[in-house]
1. Does A:Ile194 satisfy being touching a Cys at 6+ places or on another chain (Cβ under 8 Å), more than 14 Å from chain B (Cβ to nearest Cβ), in contact (Cβ under 8 Å) with a residue 40 or more places away in the chain and β-branched (Val, Ile, Thr)?
2. Specify the residue that is surrounded by the most Cβ atoms within 10 Å (Cβ to Cβ); the eligible residues are those in the stretch B:94-130 that are within 17 Å of the chain's Cα centre (by Cα) and among the hydroxyl-bearing types (Ser, Thr, Tyr).
3. May I ask you to say which residue of A:Phe176, A:Phe180 is surrounded by 22 or more Cβ atoms within 10 Å (Cβ to Cβ), farther than 30 Å from B:Phe30 by Cβ and modelled with pLDDT under 90?
4. Take the conditions touching a residue at least 12 places away in the same chain (Cβ under 8 Å), away from chain B (no Cβ under 14 Å), in a helix (DSSP H, G or I) and farther than 24 Å from A:Asn97 by Cα and apply them to A:Ala254. Does it pass?
5. When the stretch A:109-154 is examined, which residues are found to be among the charged types (D, E, K, R), more than 14 Å from chain B (Cβ to nearest Cβ) and in contact (Cβ under 8 Å) with a residue 24 or more places away in the chain?
6. Sort out which residues of the stretch B:14-55 are over 30 Å from B:Ile99 (Cα atoms) and at the interface with another protein chain (Cβ under 10 Å from one of its Cβ atoms), and write them in order of number.
7. If a residue must be crowded, with 19+ Cβ neighbours inside 10 Å and at pLDDT 85 or above, how many such residues does the stretch B:67-82 contain?
8. Suppose we filter A:Thr203, A:Thr230 for residues that are surrounded by fewer than 22 Cβ atoms within 10 Å (Cβ to Cβ) and either within 10 Å of chain B (Cβ to nearest Cβ) or at pLDDT below 85 (or both); which single one remains?
Amino acid sequence: MASLDDLKKRISSVKSTQKITKAMKMVAAAKLRRAQESAERGRPYSEKMNNIILNLSSGLSDKENAPKLLSGTGEDKVHLCVVMTADRGLCGGFNSNIIKKAKVYFKRLSEDGKTLKIITVGSKGYDQLKRVYKENIIENISFKESKNANYFDANKVGKIIIEKFENKEFDVCTIFYNQFKNVITQIPQEQQIIPLKINEDETKKSDESYEFEPDEDEILENLLPKNISTQIFKAMLENSASEQGSRMSAMDNATRNAGEMVDKLTIEYNRSRQAAITKELIEIISGAESL
Amino acid sequence: MSEQFNLEIVSPEKSFLKKDNVTEVVIPAFEGEMGILKDHISLISFLKPGIIKINSGNEENSFYVDDGIVEFKDNNLSILTSNIFDISNTDKVKIQEMIKEAESDLASENLDDQRRFIISQKVEVLSSLN
């Protein structure tokens, strides 16, 4: 049995860990609120962007000559996967959930005999993937310096992707991120952004015809690269809200577990103290009796 | 009948401006400046660097935009843009910096004509602000 001193030390060390996790939980809660707000504020932009693209592409007469970003290269050989994770750990299953989802997808690709290229956004994803997929990772982007998800960063990623697409380095691009549902649930998502998949259910075909200036093709060509950045930005916002939510619940659990541990250790401490006292008493009494 | 319509300017990060009493908006569309009044035909276009002038009653605001997309439908004008600022409260130093940046972009070799045109537009508009 551990000595009283050892127990005391352990209790105090668990207590200080609990303090840290509690503080991290508070910080995550505050950041979560901000992240959620900015995710909400960013929504109108991506919605409007989506609407315009829907209107444009449904009105597109010449589907054959549609921009490649919309229709694809016509091939399906090289897949680019953009795996978006956090830069920091200690956020529960947040990073591993994305990685797990991505790995399932990678496996399917390799079974189908496709070539796989990976871009990781966020250092945790890179750390986890480099063990198995080192030669597939072509780029590792990390925004450790930026405090919040911002459009400037998203645009950088978007530009890299478009540049690679124009150099014909891949045919299909998919992004992986966590969608924020609520504090306890984040759903890992895979979303294909090149060629753009248009959700037919949401297509509210407007009968109204638009006046385009200049023509549809040119607008689409201008718009689609922007849409890529927008989608990535949206994923980044969702991701940062998810990260904070996940961290908050993970730290909440950790704090609770630490509390339980402190209780258990305290009982053990008290018991062994009591045992020591009893032992001493017995020794004294039996000593007195023998006299 | 009133001659007013709704305007919303959104950037990726937030809704930048929302107004429901706008009478006229002049936008720097790609093929030239374009004035939009109430009951304009439905329109989609994109922007080149320039000034957006918003006329709402007795108030007039001007904003600088880098690029963007415009949609007008049912008397709702939406402008999506990633870089926008109010001209009246931006200091000259920042504008100078932007000009310098654009000029250095222009100096680089590998630009296609369209890109070059857009950037030189930017320089022109920004210099006129100073």
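1. Yes.
2. Here the answer is B:Ser120.
3. Answer to the check: A:Phe180.
4. no
5. A:Lys114, A:Lys117, A:Lys124, A:Lys144
6. The answer is B:His40, B:Ile41, B:Ser42, B:Leu43.
7. Counting residues in the stretch B:67-82 that are crowded, with 19+ Cβ neighbours inside 10 Å and at pLDDT 85 or above gives 10.
8. A:Thr203 is the lone residue from the list that is surrounded by fewer than 22 Cβ atoms within 10 Å (Cβ to Cβ) and either within 10 Å of chain B (Cβ to nearest Cβ) or at pLDDT below 85 (or both).
The values are calculated or read from the model by the stated rules, or taken from the named source; none is laboratory data. Predicted, not measured: the structure shown is a model, and the values here were computed from it. Here Cβ is always computed from backbone atoms with ideal geometry, including for glycine, and neighbour counts include all displayed protein chains.
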